Each structure stands twice: as C-alpha cells, then as structure tokens.
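Participant: If you scroll down you'll find the structure; I have some questions about it.
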Amino acid sequence: MENWVAKDCVCPDCGSQIHAVKEFRQWYPTCEWNIGKFDPADGDSWIERIFRDQGVSHGNRLYEEIRTSSPEALRPKWTASRILATILSLSVHLLTAALALAGGYFLIFGWPSIPQILLGLTCLVLFFLMRPRFGKAPENGLSRHQAPSLFSLCDRIADQVGSPRPDLIIVDEDFNAAFGQVGFPRKTVLWIGLPLWEVLDWEERVAVLAHEFSHGANGDATRGFFMHSALLALAALLDYLRQPYDPDATIFEMVTHYFLWGLSWLVLPLLWLMLILLWRDSQRAEFLADYLATSASGTQAMKTSLSKLALSDQFHHFASKNIVSTRQSGREILKRSLSHLQNLPACELDRLSRLSQKEDARLDATHPPTCQRIGFIQSHFVDNPTIRIEDEERNAITAEFEAQKDHVGTSLIQLWAPDR
C-alpha cells in the first residue's frame with residue numbers, strides 16, 4: 001500500500017473544502033474545478049482524424065436515434081451508403097491492380113525508352129503503396145497447448161457472441177485489448193494487455209474479452225478485409241503525397257512537394273467520402289458490440305470495465321517515471337506498476353471515472369464517447385451474465401498469465417527505457 005500525503009484544500013471557484021492527496025491533481029468534486037481533460041492518444045492517421053471529426057459533428061444525433069432501438073436493429077444492412085462504399089472499394093482495388101499491370105507493361109514493352117521506364121517505375125511505386133495489406137501473424141503468441149484454460153474461456157465467449165474462435169492469443173505490455181484477423185490465410189488473433197487484465201475483476205475480464213470478440217460478429221465493414229484494405233490503400237497514398245515540408249529543400253524538392261500536395265486533393269475526397277459513407281454503420285456496430293458483450297458479462301461489468309480503461313494514462317505515467325534502465329527486473333517493475341494502479345486513492349479514481357464519462361471522452365477515435373456507450377447498455381440492461389468462471393478455471397488461467405509476466409515486464413522496460 002502506497003503512503004499518500006494528504007492535505008486540506010479550499011476550492012478557489014466554489015469555496016468547498018476537500019481532503020486532497022498531494023501527489024495527485026488537486027480538484028473539487030462539487031464543481032469539478034481543475035478536473036482536467038480526458039485526452040487519450042486518438043492517433044493521427046487519416047482514418048482516425050476523419051472518424052473523430054464525424055463523431056464530434058454527428059455523434060450526438062446518432063446516439064439519440066439508436067439509444068432506445070432494439071440492439072439487433074443495429075446490425076449493418078445493405079443500404080445505399082454501404083453499396084456505394086463497396087463500389088468505391090472495388091474501384092480502389094481495380095486501380096491498384098491496374099497500376100501493377102501498367103507498371104509491368106511499360107517496363108517490359110517500353111524498354112529502352114527512358115520516359116516509359118520512369119512511368120512504369122512510378123506505377124509500381126504507387127502499386128506498392130496501395131497494395132493490400134494482410135498483416136503478419138505474430139510469432140510469439142500463445143497456442144492452445146500453452147494456455148488451454150484461457151483458450152477454453154475465449155472459445156465460450158466467442159461462441160456466445162457469434163465470433164470466430166481465436167487461433168492465437170498475444171499477451172503484451174499494452175493497457176488495452178484488441179481483436180483482429182491477419183495473415184493469409186486469415187488467422188483470428190486476440191491481444192490481451194497484461195496490465196489491463198490485472199486491474200480487472202473476473203466479470204470485467206469477461207466483458208473486455210466479449211467486446212473484443214464482438215468485433216468479429218457485429219458486421220462492421222471497416223474491419224472487413226475488402227473495405228479496410230481499400231481504406232488503408234488510400235491513407236497510405238495520402239501519407240506519401242503529403243510529406244512534411246522541409247524548410248531546407250532545394251527549388252526542385254519544393255516544386256515536387258507542392259506538386260504531390262496538389263495531387264493529394266484527388267485522393268483525399270475519395271477517402272473522406274468512403275469514411276462518411278461507412279461511419280454511421282461503423283458506430284452502430286460499436287454499440288452492438290457493447291451490447292453483445294453484456295450478454296456474456298452482464299451490463300454492470302461492462303460499465304465498470306469501461307471506467308477502468310481510463311487508468312491507461314496513470315499506468316503510462318508511472319511507467320515513464322519509474323523505468324530508468326534495462327537492468328531493472330521486468331517482473332518487479334510490472335508488479336510495482338500494477339500495485340500503483342491498485343492502490344490509487346479514491347479521489348483520483350473518482351476523477352478518472354468522471355473524466356472518462358465526459359461528453360467528448362472516448363477511448364479512441366473509432367469508438368463512440370464512453371458516456372454514450374454506457375448510456376446505451378444501461379438502456380438495454382442485462383442482469384445475468386451467461387459466462388461464469390469457476391474457481392478451478394480461474395486458478396488455471398491465473399497460472400497461465402503468471403508465466404507471461406517476465407516477458408511482459410521485459411517488454412515494458414524495452415518500451416520505456418530502450419537505450420538506458
């Protein structure tokens with residue numbers, strides 16, 4: 001248990017008195033003066049920026065429309081928007097294939113013409129940028145032989161929400177969890193951040209796992225390979241065309257920079273249009289994923305797990321301050337980081353919980369605001385979870401995670417002190 005230094009303080013705004021903890025932000029529950037701002041790393045990719053802007057502009061209206069809707073009504077359907085987005089995705093893939101064919105043609109049949117060779121190389125560079133990305137299956141994941149109890153639990157949860165079962169589970173140092181399908185042929189991969197897992201209770205663990213598996217069952221087109229790879233192709237092309245400006249550039253480099261910047265305006269409207277067409281269905285699918293998760297864990301566990309995800313900043317702050325050398329013990333630094341989170345004072349937990357439920361607070365750019373997610377699942381309350389974990393199964397899963405703590409702690413040190 002950490003020894004926090006407390007002090008009596010008076011709010012300069014409303015005059016209320018509190019017993020504050022010196023090591024943490026001084027704020028006042030009565031008027032929420034100095035409560036801070038929930039500011040997660042939304043990311044800065046084109047897809048995240050456009051999704052974030054759409055959420056700010058239209059999120060409240062969508063939430064009011066679906067708040068009392070039947071959860072099953074949220075499943076994506078073949079609307080005009082989805083059909084048009086599919087046509088645009090097909091166009092992107094056809095363009096990518098055409099670039100590969102054109103590049104090969106000009107190199108083979110244009111030889112030795114320099115202009116045709118340059119044109120062929122340009123086409124191949126563009127093809128390389130826009131090529132479909134299957135992703136690579138991680139090599140250090142847990143197999144069913146290594147973690148049979150964890151896989152058994154995940155199988156039950158996946159079956160409950162209607163998702164593919166995992167082929168591989170990655171236990172890492174992130175304060176998060178994720179679900180995806182990578183490689184060719186496709187493999188279903190579940191990522192579980194050990195720091196997050198350790199601060200959740202068992203019902204909350206089921207809720208987080210169920211939400212991630214629900215991404216494989218909610219019909220979100222932006223997560224499907226066909227549309228997702230088309231979006232990534234356009235985003236990669238935009239990143240190439242919009243390189244940061246170099247103030248020391250030569251005249252030729254400056255002209256090239258502005259020429260490519262001008263070409264980017266041919267690509268940006270297409271990416272923007274595709275995301276606008278898909279945003280509404282994607283957000284509805286996120287709400288559906290939350291509901292499907294509550295069918296496994298119950299609503300209360302889902303709600304509290306969303307609040308605990310707000311501890312991410314505290315975890316990263318502690319790690320950045322206390323990891324100073326690669327000579328430190330990975331297991332020990334992980335233990336200290338988790339102890340810090342598990343012993344946060346009540347005033348700080350209250351502050352983080354309130355922040356996570358502010359109107360503009362969301363865990364990342366592609367998710368709806370947390371307060372709306374909580375409001376939706378409370379409108380469709382599930383009291384009795386369908387997934388229950390007996391003591392024997394809990395002990396077995398705990399032992400399987402215990403075996404991962406050394407490598408997770410080492411990864412944590414490499415992340416925060418790679419050169420120290």
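The values are calculated or read from the model by the stated rules, or taken from the named source; none is laboratory data. All values derive from a computational prediction rather than experimental measurement. Heads up, the Cβs are rebuilt from the backbone with ideal geometry, glycines too, and the neighbour counts pull from every protein chain shown.
Participant: Can you name the number of the only condition in (1) over 29 Å from L271 (Cβ atoms); (2) of a type in the set (A, V, I, L, M, F, W, C); (3) modelled with pLDDT under 75 that F38 fails?
Facilitator: Unmet condition: (1).
Participant: Counting just the residues of the range 46-72 that are farther than 17 Å from H380 by Cα and polar (S, T, N, Q), which one comes out surrounded by the fewest Cβ atoms within 10 Å (Cβ to Cβ)?
Facilitator: The extreme case among them is S57.
Participant: In the range 306-356, what residues are free of Cβ contacts under 8 Å to residues at least 24 places away in the same chain, touching a helix residue (DSSP H, G or I) at 6+ places or on another chain (Cβ under 7 Å) and not charged (D, E, K, R)?
Facilitator: Once the filter is applied, which keeps residues that are free of Cβ contacts under 8 Å to residues at least 24 places away in the same chain, touching a helix residue (DSSP H, G or I) at 6+ places or on another chain (Cβ under 7 Å) and not charged (D, E, K, R), the range 306-356 yields F318, N322.
Participant: Between T122, T96, which is without any contact (Cβ under 8 Å) to a residue 60 or more places away in the chain, farther than 30 Å from T370 by Cβ and not in a loop (DSSP other than H, G, I, E, B)? Reasoning before the result, please.
Facilitator: Values: T96 fails: without any contact (Cβ under 8 Å) to a residue 60 or more places away in the chain.
The match here is T122.
Participant: Kindly list the number of the only condition in (1) touching a residue at least 12 places away in the same chain (Cβ under 8 Å); (2) assigned to a helix (DSSP H, G or I) that fails for I35.
Facilitator: Unmet for I35, out of (1) touching a residue at least 12 places away in the same chain (Cβ under 8 Å); (2) assigned to a helix (DSSP H, G or I): (2).
Participant: OK, next. Please go through (1) surrounded by fewer than 20 Cβ atoms within 10 Å (Cβ to Cβ); (2) closer than 23 Å to G330 by Cβ; (3) free of Cβ contacts under 8 Å to residues at least 60 places away in the same chain for D174 and return the number of the only condition it doesn't satisfy.
Facilitator: Checking D174 against (1) surrounded by fewer than 20 Cβ atoms within 10 Å (Cβ to Cβ); (2) closer than 23 Å to G330 by Cβ; (3) free of Cβ contacts under 8 Å to residues at least 60 places away in the same chain, the one that fails is (1).
Participant: Now for a separate question. So how many residues does the range 50-92 have that are modelled with pLDDT of 80 or more and either assigned to a helix (DSSP H, G or I) or on the phi > 0 side of the Ramachandran plot (or both)?
Facilitator: Here the count works out to 28.
Participant: So, one more: Give the residue that is nearest to V267 (Cα to Cα), with candidates limited to residues of the range 73-86 that are over 25 Å from the mean Cα position of the chain (by Cα) and loosely packed, with under 12 Cβ neighbours inside 10 Å.
Facilitator: Here the answer is I83.
Participant: Pairs under 7 Å by beta carbon, first residue surrounded by 18 or more Cβ atoms within 10 Å (Cβ to Cβ) in the range 216-229, partner part of a helix (DSSP H, G or I) and of a type in the set (V, I, T), six or more apart or different chains?
Facilitator: The qualifying pairs are A217/V161; H228/T222.
Participant: All but one of (1) free of Cβ contacts under 8 Å to residues at least 24 places away in the same chain; (2) part of a loop (DSSP other than H, G, I, E, B); (3) of a type in the set (D, E, K, R) hold for K136; state the number of the condition that does not hold.
Facilitator: Checking K136 against (1) free of Cβ contacts under 8 Å to residues at least 24 places away in the same chain; (2) part of a loop (DSSP other than H, G, I, E, B); (3) of a type in the set (D, E, K, R), the one that fails is (1).
Participant: In the range 97-151, which residue that is of a type in the set (S, T, N, Q) and surrounded by 14 or more Cβ atoms within 10 Å (Cβ to Cβ) is modelled with the highest pLDDT? Spell out the reasoning first.
Facilitator: Keep residues of the range 97-151 that are of a type in the set (S, T, N, Q), which gives 113, 116, 122, 140, 143, 146, 149.
Checking the rest, the ones that are also surrounded by 14 or more Cβ atoms within 10 Å (Cβ to Cβ) come to 116, 122, 149.
Details: Q116: 94, T122: 93, S149: 97.
Checked the range 97-151; the qualifying residue modelled with the highest pLDDT is S149.
Participant: Check off (1) touching a residue at least 12 places away in the same chain (Cβ under 8 Å); (2) closer than 25 Å to I87 by Cα for A301 and give me the number that stays unchecked.
Facilitator: (2)
Participant: State yes or no: is D350 among the acidic types (D, E) and farther than 26 Å from G409 by Cα?
Facilitator: Values: among the acidic types (D, E): yes; farther than 26 Å from G409 by Cα: yes.
So D350 fits the description; yes.
Participant: Related question: Return the residue satisfying two criteria in turn: it lies in the range 387-410 and is among the acidic types (D, E) and either touching a Lys or Arg at 6+ places or on another chain (Cβ under 9 Å) or in contact (Cβ under 8 Å) with a residue 12 or more places away in the chain (or both), and of such residues it is surrounded by the fewest Cβ atoms within 10 Å (Cβ to Cβ).
Facilitator: In the first step, residues of the range 387-410 are kept if they are among the acidic types (D, E); the result is 390-393, 400, 402, 406.
Next, from what is left, pick out any that are either touching a Lys or Arg at 6+ places or on another chain (Cβ under 9 Å) or in contact (Cβ under 8 Å) with a residue 12 or more places away in the chain (or both): 393, 400, 406.
On the way: E393: 16, E400: 18, D406: 13.
Ranking the candidates gives D406 first.
Participant: Give the range 296-332 a look and list any residue that's of a type in the set (G, A, S) and over 22 Å from the mean Cα position of the chain (by Cα), or say none.
Facilitator: So in the range 296-332, the residues of a type in the set (G, A, S) come out as 296-298, 301, 305, 307, 310, 312, 319-320, 325, 329-330.
Across the range 296-332, the qualifying residues are G298, S325, S329, G330.
Participant: Does L355 count as crowded, with 20+ Cβ neighbours inside 10 Å and either aliphatic (A, V, I, L, M) or within 26 Å of D159 (Cα to Cα) (or both)?
Facilitator: On the way: crowded, with 20+ Cβ neighbours inside 10 Å: yes; either aliphatic (A, V, I, L, M) or within 26 Å of D159 (Cα to Cα) (or both): yes.
It is true that L355 is crowded, with 20+ Cβ neighbours inside 10 Å and either aliphatic (A, V, I, L, M) or within 26 Å of D159 (Cα to Cα) (or both).
Participant: Give the residue that is surrounded by the fewest Cβ atoms within 10 Å (Cβ to Cβ), with candidates limited to residues of the range 313-352 that are part of a helix (DSSP H, G or I) and among the aliphatic types (A, V, I, L, M). Please lay out each step first, then the result.
Facilitator: First, pick out the residues of the range 313-352 that are part of a helix (DSSP H, G or I): 313-322, 330-342, 346-352.
Checking which are among the aliphatic types (A, V, I, L, M) leaves us with 319, 333-334, 338, 341, 346, 349, 352.
On the way: A319: 22, I333: 22, L334: 24, L338: 18, L341: 19, A346: 8, L349: 16, L352: 24.
This residue is A346.
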